[in-house]
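The values are calculated or read from the model by the stated rules, or taken from the named source; none is laboratory data. Because the structure is a prediction, the values reported are computed rather than measured. Don't worry about glycine lacking a Cβ; one is built from the backbone with ideal geometry, like all the others, and counts go over all protein chains shown.
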Amino acid sequence: MTTTTPPSGSRPLIGSLSPSRAADFVSCPLRYRFRVVDRLPEPPSAAASRGTLVHTVLERLFDLPSPERTLSAARALVEPAYVQLRAREPAVEELFDGAEALATWLDSARDLLDGYFALEDPTRLAPAARELYVEHVLESGLRLRGYVDRLDAATTAQGVALRVVDYKTGRSPGPAFEASAMFQMRFYALLLWRVRGVIPRELRLYYLGDRTWLRASPDEADLRSTERRITALWAAIERAHRTGDWRATPSRLCSWCDHQSRCPAFGGTPPPLPSPQAAAGLDDGAPPVCEAEG
């Protein structure tokens, strides 16, 4: 399912940005470069693949009639979802050293589903959309895009009320990082506002790893501020393209980065930058199948 605002015929695209890639640049410009400019391949990881698996199960759970959306039904969806994931990405099977390791990993995915059911009752919900792809082109020509895990809608006396829900399979951030975590949700809210003309009433970010959640109720001022932040972020990305200055920003996130061997912070050397022609467009790639993140 896709919601999109087409670009004006007189407004050429200058690039594309998703919440995931925006977060990459904020956390480490060099990682953004490796992923977007160099387009270096990244092998699957157990954590990321589990995140994709759990997102798939939660999407399919709502295909079931409401009374059948039980925890046991969700847990039963895990293995079929893994079989399909393995068929789509054969390298996933190489993550596990034998049947016992795979079984442990599948059980960890089921534990995350336990976490989801601790947060809400899916039998009481009727999502308007799942894995909703949304895009909008700003006046500048920058295309914003992203996948909304779940969109709930209700008709009220004031009109349609929207709730944006996103699942994270990791643990919740500390208080100092909550604002950064909610930036992704405000990014989605901005997209929906620009495309549908409705400001979502609530943003919910579920952390299945420790069964907690964050919420926000944005207003127009919040979303205009988010748009200004995105515009400033894009200006910084354009500046890095012009200057070739893609700086490494070491942090605790480095432990999950696939590019340490190329990173100067770890004694590595980045590959030569692609030619300006190869990097033209500053586009972070075609719409992904899913941007599930752990």
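Could you tell me which of the residues 235, 248, 181 is surrounded by fewer than 16 Cβ atoms within 10 Å (Cβ to Cβ) and of a type in the set (Gly, Ala, Ser)? Please lay out each step first, then the result.
Working: 248 fails: surrounded by fewer than 16 Cβ atoms within 10 Å (Cβ to Cβ); 181 fails: surrounded by fewer than 16 Cβ atoms within 10 Å (Cβ to Cβ).
Criteria check complete, one pass: 235.
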| Looking only at region 84-98, which residues are under 22 Å from the mean Cα position of the chain (by Cα) and surrounded by 11 or more Cβ atoms within 10 Å (Cβ to Cβ)? | 84, 85, 86, 89, 92
| Pairs, please: C-beta under 8 Å, at least 6 apart or cross-chain, first residue among the polar types (S, T, N, Q) and exposed (fewer than 13 other Cβ atoms within 10 Å of the Cβ) and in region 203-231, second at pLDDT 95 or above and outside any strand (DSSP E or B)? | 217/201
| Based on what the data block shows, is residue 162 in a strand (DSSP E or B) and under 19 Å from residue 55 (Cβ atoms)? | no
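Okay, residues lined up against (1) without any contact (Cβ under 8 Å) to a residue 40 or more places away in the chain; (2) surrounded by fewer than 18 Cβ atoms within 10 Å (Cβ to Cβ); (3) under 18 Å from residue 169 (Cβ atoms):
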position	(1), (2), (3)
57	no, no, yes
63	yes, yes, no
67	no, yes, no
71	no, yes, yes
79	yes, yes, yes
82	yes, no, yes
101	yes, yes, no
109	no, no, yes
| query | Taking residue 199 and the conditions (1) within 23 Å of residue 16 (Cα to Cα); (2) not in a loop (DSSP other than H, G, I, E, B), which numbered condition does it fall short on, given that it satisfies the others? | reply | (2)
| task | Being under 26 Å from residue 18 (Cα atoms) and either among the acidic types (Asp, Glu) or touching a Phe, Trp or Tyr at 6+ places or on another chain (Cβ under 8 Å) (or both) is the filter here, so list the residues in region 110-134 that pass it. | result | 116, 127, 130, 131, 132, 133, 134
